[in-house]
Amino acid sequence: MRRLTLEPLTADAFAPFGDVIEVSGEFGRHYFSDALGNARPAVPPSLSVTTKAPSALPLTLTAMERHEYSSQTFVPMDVARWMVVVAPHGADGGPDIDGMRGFLARGDQGVTFGVDVWHAPNAVLDRPSRMAIFMWAAGDDGDEEFRDLPEPVMLVANGG
């Protein structure tokens, strides 16, 4: 089984996959729209809230998902720490586990996965959590795709 150590989530490290949403201490409006995208103009936006029970590390990842035509944004509403795992496309079009990156996000950090970015299903740590999710969704098979990984990946905290 592969092992992937989660690193702190930073905008620079996550940039190839999307945007990190975090607000500085400055007053005013902050924009995070570089990764927002909808490749199906007739598809409406979708805003939802998800509640999740916490998971514990180490955690085994066996599948990833992508939204081929839409970005997907997660905005924490009541979250401690949570995991963000992404991967580039492999030769077969599925996630390339050799290029996989894992991040440990704080409760005050959100992300936008760019259009067609492979990512792990949402997993939170420490306590039950709520997040708002924004994307464009038609309610059909084009909204999301799941793929099993060629081998399981164990996600661990730094030093764990």
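In table form, for the structure just shown:
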item	result
Among (1) acidic (D, E); (2) over 12 Å from the mean Cα position of the chain (by Cα); (3) surrounded by fewer than 17 Cβ atoms within 10 Å (Cβ to Cβ), the one test that D116 misses	(2)
Any hit, the range 49-68, residues being closer than 23 Å to D126 by Cα, modelled with pLDDT of 95 or more and surrounded by 20 or more Cβ atoms within 10 Å (Cβ to Cβ)	yes
Count of residues meeting criterion [β-branched (V, I, T) and in contact with an Asp or Glu (Cβ under 8 Å, 6 or more places away or on another chain)] in the range 108-159	3
Matching residues, the range 92-107, being closer than 9 Å to R81 by Cα and not small (G, A, S)	L104, R106
Restricting the range 30-43 to residues that are over 17 Å from the mean Cα position of the chain (by Cα) and closer than 22 Å to T10 by Cβ, the residue that is most open to solvent (accessible area, probe 1.4 Å)	Y31
Whichever residue in the range 1-36 is in a loop (DSSP other than H, G, I, E, B) and at pLDDT 95 or above and, among such residues, is farthest from D108 (Cα to Cα)	P16
Among the residues listed as A123, A80, the single one being closer than 21 Å to A15 by Cα and in contact with a Leu (Cβ under 8 Å, 6 or more places away or on another chain)	A123
Sole residue being among the hydrophobic types (A, V, I, L, M, F, W, C) and in contact with a Gly (Cβ under 7 Å, 6 or more places away or on another chain), chosen from L36, L59, L6, L47	L6
Hits in the range 69-103 - residues which are open to solvent by 40 Å² or more (accessible area, probe 1.4 Å) and in contact with an Asp or Glu (Cβ under 8 Å, 6 or more places away or on another chain)	Y69, R81, P88, H89, R101
Within the range 134-160, tally of residues that are surrounded by fewer than 21 Cβ atoms within 10 Å (Cβ to Cβ), more than 21 Å from L61 (Cα to Cα) and within 16 Å of the chain's Cα centre (by Cα)	2
Test result for G159, modelled with pLDDT under 95, within 18 Å of S71 (Cβ to Cβ) and not in a strand (DSSP E or B)	no
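The values are calculated or read from the model by the stated rules, or taken from the named source; none is laboratory data. Here the structure is a predicted model, which means the values were calculated and not measured. With ideal geometry, Cβ positions are generated from the backbone for all residues, glycine too; neighbour counts draw on all protein chains shown. The area values use the complete protein model at the heavy-atom level, side chains included, leaving out ligands, DNA and RNA. Shrake-Rupley method; radii C 1.70, N 1.55, O 1.52, S 1.80 Å.
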